[in-house]
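Asker: Pasting a structure here, questions to come.
The values are calculated or read from the model by the stated rules, or taken from the named source; none is laboratory data. None of these values were measured; they are calculated from a predicted model. Every residue, glycine as well, gets a Cβ built from its backbone with ideal geometry; the counts of neighbours run over all protein chains shown. Just so you know, the surface numbers come from the protein's heavy atoms only, side chains and all, with ligands and any DNA or RNA stripped out. Shrake-Rupley method; radii C 1.70, N 1.55, O 1.52, S 1.80 Å.
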Amino acid sequence: MNLQKSAAAFAEAKRFMPGGVNSPVRSYSSVDANPPFIARGKGSHIFDIDGNEYIDFVGSWGPLILGHAHEKVVAALKAAVEHGTSYGAPTELETKLAKLVNKIFPSMQVMRMVNSGTEATMSALRVARGFTRREKIVKFVGCYHGHSDSLLVNAGSGAATFGEPSSPGVTVGTARDTIALPYNDLSAVEKIFGQCGEEIAAVIVEPVAGNMGLVLPKENFLRGLRDVTKRFGALLIFDEVMCGFRVALGGAQEKFNVTPDLTCLGKIIGGGLPCAAYGGREDIMRNVSPDGRIYQAGTLSGNPLAMTAGIETLTILLDGDLTAKISARTSKLVDGLKLAAKSANVAIQTPQAGSMFGIFFSERPVTNFDEAAAANQTQFKKFFASMLERGIYLAPSQFETLFMSAAHTDEDISRTLDAAKLSFEVCK
Ligand SMILES: *Cc1c(COP(=O)(O)O)cnc(C)c1O
């Protein structure tokens, strides 16, 4: 595979941007390779500037559940752009998208549109703190909620109940208010609440975790979080930025029948444009400015183009049983991957939730960050490189989730499985 033009473009990009990219994982540093530079996408395929074509299982890291350049989304955007790109004033589009979101996520009685998942989680935490008048939050190691200070925190050492900054620039003071616990460990949560439950404003969780590879919640984990937060008057925040519209149309809260106080959405909600939302119980959300005193704002929030792409995408998802169809196609691929790995005698784990799936090179099921981190990196790198060479575009790390779209065909799946058979052979 020729990647000469991409390599030159990467070298030039590196002069002006850290790692040559605007979001770190794109730089391929964890697979010791150069990223293809993308020229365009159509359906389930993307094309790089060297003329290579790939079957895309990244989907812009989740948003593109309908595939690239979906005809209806493109047509709606073309029509919208003719009317201007932003007004900073109310439009009917915002209410239309909010209504759709409320229909799919009934727990989001009142919501705010923002521009990124980072903003959604950061704002939801402020609301939780403002509403409860408490300062501490609980998060789980390996869950990613964007890059705001409070959430870039690791578990502290030993018996410490407060976290440590996971990035330079996050202050020790901020990290002290965040408690980071192992995912799926309900007894650790109970213990912390026993120690300082009256100080905890909220527990924030990816109800299906997709940012340490795909890790599913254990039976009763989410229900347990609901119970303990309720008992102590803390809020439960589901960060469904990734798993919303994917594990079920109505997200993990629908699939597991656990209702959070606040929900964060992103990625799919903007149909490929920058958009996210946070919202939940009306009595909580009415405290947001200007109804209440908790401040949060955004110049481009509710942007008409983002609203248009979101409305179009959600409308298509609501029509028929598309979510189930994409999930079934995902199962088909996952079953094939399992078989291919088995006949190559390579131990893998292939968790799946709806249209999300993952591959861990691990003998044992992965239920938390430590177990994910123990998966075999060398095997993944070899597998990744071989798949890319064969035109299969996967996330360049096994600590990322892979996504199926409505545009993937049976032929895409059989081509992917053909490539996987050969690629498992090279990573023994
Ligand atoms: C992607 C993601 C975010 C951050 O969203 P951005 O739009 O990248 O800021 C937050 N939470 C989860 C679960 C995510 O997957």
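Asker: Hey, PRO18 hits all of (1) without any contact (Cβ under 8 Å) to a residue 40 or more places away in the chain; (2) open to solvent by less than 40 Å² (accessible area, probe 1.4 Å) but one; which does it fall short on?
Answerer: Of everything listed in (1) without any contact (Cβ under 8 Å) to a residue 40 or more places away in the chain; (2) open to solvent by less than 40 Å² (accessible area, probe 1.4 Å), PRO18 misses just condition (2).
Asker: List every residue pair whose Cβ atoms lie under 9 Å apart, where the two residues are 6 or more positions apart in sequence or sit on different chains, the first residue falls within region 254-283 and is modelled with pLDDT of 95 or more and surrounded by 24 or more Cβ atoms within 10 Å (Cβ to Cβ), and the second residue, located anywhere, is part of a strand (DSSP E or B) and basic (Lys, Arg).
Answerer: Sorted first by the residue in region 254-283, then by its partner, the pairs are ALA277/ARG112; TYR278/ARG112; GLY279/ARG112.
Asker: For region 187-206: of the residues being under 16 Å from PHE369 (Cβ atoms) and in contact (Cβ under 8 Å) with a residue 40 or more places away in the chain, which is nearest to the ligand (Cβ to nearest atom)?
Answerer: GLU206
Asker: Right, VAL114: within 21 Å of the chain's Cα centre (by Cα) and within 16 Å of the ligand (Cβ to nearest atom) or not? Spell out how you get there, then give the answer.
Answerer: Working: within 21 Å of the chain's Cα centre (by Cα): yes; within 16 Å of the ligand (Cβ to nearest atom): yes.
Yes, satisfied.
Asker: Is there any pair with a first residue in region 291-318 that is modelled with pLDDT of 95 or more and a second that is surrounded by 18 or more Cβ atoms within 10 Å (Cβ to Cβ) and of a type in the set (S, T, N, Q) whose Cβ atoms are under 7 Å apart and which are 6 or more apart or on different chains, and what are they?
Answerer: GLN296/SER123; GLY298/ASN115; LEU300/ASN115; SER301/ASN115; LEU317/THR323
Asker: Something else: Which one of these is assigned by TED's automatic domain parsing to the domain that holds GLU199, farther than 21 Å from CYS243 by Cβ and either within 11 Å of the ligand (Cβ to nearest atom) or touching a residue at least 24 places away in the same chain (Cβ under 8 Å) (or both): GLY146, GLY156, GLY173?
Answerer: So the residue among GLY146, GLY156, GLY173 that is assigned by TED's automatic domain parsing to the domain that holds GLU199, farther than 21 Å from CYS243 by Cβ and either within 11 Å of the ligand (Cβ to nearest atom) or touching a residue at least 24 places away in the same chain (Cβ under 8 Å) (or both) is GLY156.
Asker: Right, something else. Does region 58-84 hold any residues that are touching a helix residue (DSSP H, G or I) at 6+ places or on another chain (Cβ under 6 Å) and either at pLDDT below 95 or open to solvent by 70 Å² or more (accessible area, probe 1.4 Å) (or both), and which are they?
Answerer: LYS72
Asker: Ok, one more. Checking PHE105 against (1) surrounded by fewer than 14 Cβ atoms within 10 Å (Cβ to Cβ); (2) under 22 Å from the mean Cα position of the chain (by Cα), only one condition comes out false. Which one?
Answerer: (1)
Asker: Based on this model, can you work out whether LEU93 counts as farther than 24 Å from SER386 by Cβ, in contact (Cβ under 8 Å) with a residue 24 or more places away in the chain, in contact with a Gly (Cβ under 8 Å, 6 or more places away or on another chain) and open to solvent by 50 Å² or more (accessible area, probe 1.4 Å)?
Answerer: Answer is yes for this residue.
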